[in-house]
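Q: Please find one structure pasted underneath; my questions will follow.
The values are calculated or read from the model by the stated rules, or taken from the named source; none is laboratory data. Note that the coordinates shown come from a computational prediction; the quantities given were computed from them, not determined experimentally. Note that we place each Cβ from the backbone using ideal geometry, even for glycine, and neighbour counts take in every protein chain shown. What goes into the accessible areas is simple: the full protein's heavy atoms, side chains included, and nothing from ligands, DNA or RNA. Shrake-Rupley method; radii C 1.70, N 1.55, O 1.52, S 1.80 Å.
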Amino acid sequence: MASIADHRTIARIAGVAFEPMTIENRVCDDAWWHNISFDEETGKGSYLMMFAAGACSNPHRHLGMEEFYVLEGELVDCDGQVYAAGDFVSLRAGSQHFSTSPGGCKLIVTHHGRTRTLTQEEWAEVEWTAET
């Protein structure tokens, strides 16, 4: 019988190496990540993410829940909600948004399904309700 050690992964986040994120075959020069367990095919798993000051994510829809914990800095959602260091955020499947980080930030992100980038036309049609 295998021990728990055979099924464990430990990510020591202090001092890990980050690499530029690639989104839809475009290398980002203002967002970096360190993959912990994220599987790009399923869209499930966790990673560390850093935004440079002024970085902005693409408008996107979550096909599964996304959760993130803000380690450092602040992240501002498209509706003006500010997430600060120490905040743990859960976004339901079907939610759509984009985020910016005026001063830069570091997050731990977990996806429970894929995301889909929204076109400008789709984003323009988003109805801003409490569910968005």
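Q: Pairs of alpha-carbon atoms within less than 8 angstrom and 6+ residues apart define the contacts here; what relative contact order does region 1-74 have, in percent? Intermediate values should be presented prior to the final figure.
A: On the way: 58 pairs, mean separation 13.9, N = 74.
Across region 1-74, relative contact order equals 19 percent.
Q: Order these peptides, 82-92, 39-49, 17-27, by their mean beta-carbon neighbour count within 10 angstrom, highest first. Kindly include the intermediate steps, with their values, before the conclusion.
A: Working: 82-92: 13.1, 39-49: 14.7, 17-27: 10.9.
Descending packing order for the listed peptides: 39-49, 82-92, 17-27.
Q: Could I ask something else about it? Efficiency by 1/(1 + (r/R0)^6): what FRET value for residue 63 and residue 100, r their Cβ-Cβ distance, R0 = 22 Å, to the nearest 0.05? Kindly include the intermediate steps, with their values, before the conclusion.
A: Details: r = 22 Å, r/R0 = 1.01.
Result of the calculation: an efficiency of 0.50.
Q: How large is ³J(HN,Hα), in whole Hz, for each residue of region 44-57 in order, when computed from phi with the Karplus curve 6.51 cos²θ - 1.76 cosθ + 1.60 and θ = phi - 60°, using x for Gly and Pro?
A: Per-residue couplings from phi come out as 10, x, 10, 7, 8, 9, 10, 9, 6, 4, x, 5, 9, 7 Hz.
Q: Enter the Cα centre distance for the pair region 75-96 and region 1-47, rounded to the nearest angstrom.
A: 20
Q: Residues of the chain: accessible area per residue at 1.4 Å, in Å²? Before the final figure, lay out the partial values.
A: Details: 8180 Å² over 132 residues.
Ligands and nucleic acids excluded, the figure is 62 Å² per residue.
Q: Cα convex hull of the chain: mean projected area in nm², to one decimal? Working shown, then result.
A: Details: hull surface 37.3 nm².
Across all orientations, the chain yields a mean hull projection of 9.3 nm².
Q: Between residue 24 and residue 3, what length comes free when the chain is fully extended (0.36 nm per residue of separation minus the Cα-Cα distance, one decimal in nm)? Walk me through the numbers on the way to the answer.
A: Working: separation 21, 0.36 × 21 = 7.56 nm, distance 3.89 nm.
Full-extension gain reported as 3.7 nm.
Q: May I have the convex hull volume per residue, in Å³, for the Cα set of region 7-66? Kindly include the intermediate steps, with their values, before the conclusion.
A: Values: hull volume 7.0 nm³, N = 60.
Considering the Cα atoms of region 7-66, their hull volume per residue is 117 Å³.
Q: Still on this model: Pairs of Cα atoms under 8 Å, at least six residues apart: use those to get the relative contact order of the chain, whole percent. Show your work: numbers first, answer last.
A: Details: 280 pairs, mean separation 34.3, N = 132.
The value is 26 percent.
Q: In whole percent, and with a 1.4 Å probe on the protein chains, what portion of the accessible area of region 1-129 is carbon and sulfur?
A: 51
Q: Quick check: residue separation of residue 124 and residue 71 times 0.36 nm, minus the Cα distance between them. What number comes out in nm?
A: Gain on extension, residue 124 to residue 71, equals 15.9 nm.
Q: Identify, among 49, 4, 70, the residue whose Cα sits farthest towards the positive end of the charge dipole of the chain, taking +1 on the Cβ of Lys and Arg and -1 on the Cβ of Asp and Glu, with the dipole about the Cα centre.
A: 4
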